[in-house]
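First the structure, in the form of structure tokens, and then the observations on it.
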Amino acid sequence: CYCKTKRCSSHKQNTSKSHKPKGNYKQSKKQILMAFLTDDDYSVLVRTEIKDILLENYSETKLSSAEQMAVNQVKNYLAGKYDVKKIFEAEAEERNSHIVMIVIDCTLYHLYSGTVPKRMPEIRSQRYQDALDWLKLISTGEASADLPIKSDEEGNQLGSIKFSSKYPVSDNRW
């Protein structure tokens, strides 16, 4: 229960004392209220009719679940170099529009693959693959993005140095 009252419908026996809600109330409330994507974000990449078709047999929980999968997927690729907490806590116009687009592409792919995979438009598969390719380039350091870089408690940016070569590793013992 997420109540903060002395009387809770799910705990009728506990009317004299207040009780602690199950789980972490603040975290759960924040997750519910602070979704990274908004309904307006979808209007740029997908028509409302298509969104309704994808969700016709499902509630908003299906969309919410697909969004959460997409956000976590993007976080996993960006977490090595970038401050994912700052990236995904940003609201409205503060959000990076490219990250919003990537998350929407991943979300729509997950929705299609979970509902009507055989009717998935080729553009959805291609945009998802493009998003993954870009995320892989970012995670390997072959590309960079205009995103907040990880920093320590004092605000110093944490950089990583990567040594690589275009030549394969050889085990020559000179």
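Taken as a whole, the condition of being closer than 17 Å to PHE36 by Cα and open to solvent by 30 Å² or more (accessible area, probe 1.4 Å) applies to ARG95.
The lone criterion from (1) touching a residue at least 12 places away in the same chain (Cβ under 8 Å); (2) touching a Leu at 6+ places or on another chain (Cβ under 7 Å) left unmet by LYS81 is number (2). Give the residue, chosen from SER113, SER144, that is among the small types (Gly, Ala, Ser), open to solvent by 40 Å² or more (accessible area, probe 1.4 Å) and not in a loop (DSSP other than H, G, I, E, B). Answer to the check: SER113.
Take TYR128 and tell me if it is in contact with a Cys (Cβ under 8 Å, 6 or more places away or on another chain) and at pLDDT 90 or above. For TYR128, the condition - in contact with a Cys (Cβ under 8 Å, 6 or more places away or on another chain) and at pLDDT 90 or above - is met. Screening the candidates LEU137, LEU108 for the property of being part of a helix (DSSP H, G or I), at pLDDT below 90 and out of contact with any strand residue (DSSP E or B) (no Cβ under 9 Å at 6 or more places or on another chain) yields one hit, LEU108.
Can VAL71 be described as part of a helix (DSSP H, G or I), surrounded by fewer than 20 Cβ atoms within 10 Å (Cβ to Cβ) and in contact with a helix residue (DSSP H, G or I) (Cβ under 7 Å, 6 or more places away or on another chain)?
Working: part of a helix (DSSP H, G or I): yes; surrounded by fewer than 20 Cβ atoms within 10 Å (Cβ to Cβ): no; in contact with a helix residue (DSSP H, G or I) (Cβ under 7 Å, 6 or more places away or on another chain): yes.
In short, no.
Scan the stretch 116-141 for residues that are surrounded by 18 or more Cβ atoms within 10 Å (Cβ to Cβ) and aliphatic (A, V, I, L, M) and the total you get is 3.
Would you confirm, using the coordinates I've provided, whether ILE102 is closer than 19 Å to LEU63 by Cα, aliphatic (A, V, I, L, M) and at pLDDT 90 or above? Spell out the reasoning first.
Details: closer than 19 Å to LEU63 by Cα: yes; aliphatic (A, V, I, L, M): yes; at pLDDT 90 or above: yes.
So ILE102 fits the description; yes.
The values are calculated or read from the model by the stated rules, or taken from the named source; none is laboratory data. Everything numeric here is computed off the predicted structure, so don't read it as measured data. For neighbour counting, all protein chains shown are included, and Cβ atoms are generated from backbone atoms with ideal geometry for every residue, glycine included. The accessibility values were calculated without ligands, DNA or RNA, using every heavy atom of the protein model including side chains. Shrake-Rupley method; radii C 1.70, N 1.55, O 1.52, S 1.80 Å.
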